[in-house]
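One structure below.
Where a number appears in this text, it was derived from the coordinates with a stated rule and is not lab data. Model, not experiment: these values are computed from the prediction. No Cβ is skipped: glycine too gets one built from the backbone with ideal geometry, and neighbour counts run over all protein chains shown.
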Amino acid sequence: MGSPNLNDRSQKGDGDSEIALVVEDTDEIESRMDGRPVRMFRALVAQRRLHKCPEHLGLIAPQPVASSREPVDSFMRPAPRANADETTQPSKSLVADTLLDKVLSLWESTAKKNRDIFTQVFIP
């Protein structure tokens, strides 16, 4: 899953590299979009969105590694094993419906805060 840019940088082969990935999923789950019930593919839409959005919004508490022998969880295993269902975790349920005003407001406020920090650190 990615967003390869079709521009000179990406296409020359000597600059940044990006990748696109096709994921086929037939496991549908119930979800909500803009307050309405919808069916979504678990791996592609629901799980990836619910896994990445809280991370990017700073909603996940720090997860220090206790030892070098940390147990393997379902997200570390290769396909075709299914990942654990994260849809009911508190940090995930907050962003489950990405079209709600409160979620859009959270994205906007986080982006503004990040931009302010970037400006303070990198722009004299």
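Some notes on this structure:
- For LEU100, the amide hydrogen comes within under 5 Å of the amide hydrogens of ASP34, counting only partners 5 or more places away or on other chains and with H modelled in the peptide plane.
- Highest mean packing first, where packing is the average number of other Cβ atoms within 10 Å per residue, the peptides 113-119, 94-100, 59-65, 29-35 line up as 94-100, 29-35, 113-119, 59-65.
- Stretched out straight at 0.36 nm per residue, the stretch from SER68 to ASP116 would grow longer than its current Cα-Cα span by 13.7 nm.
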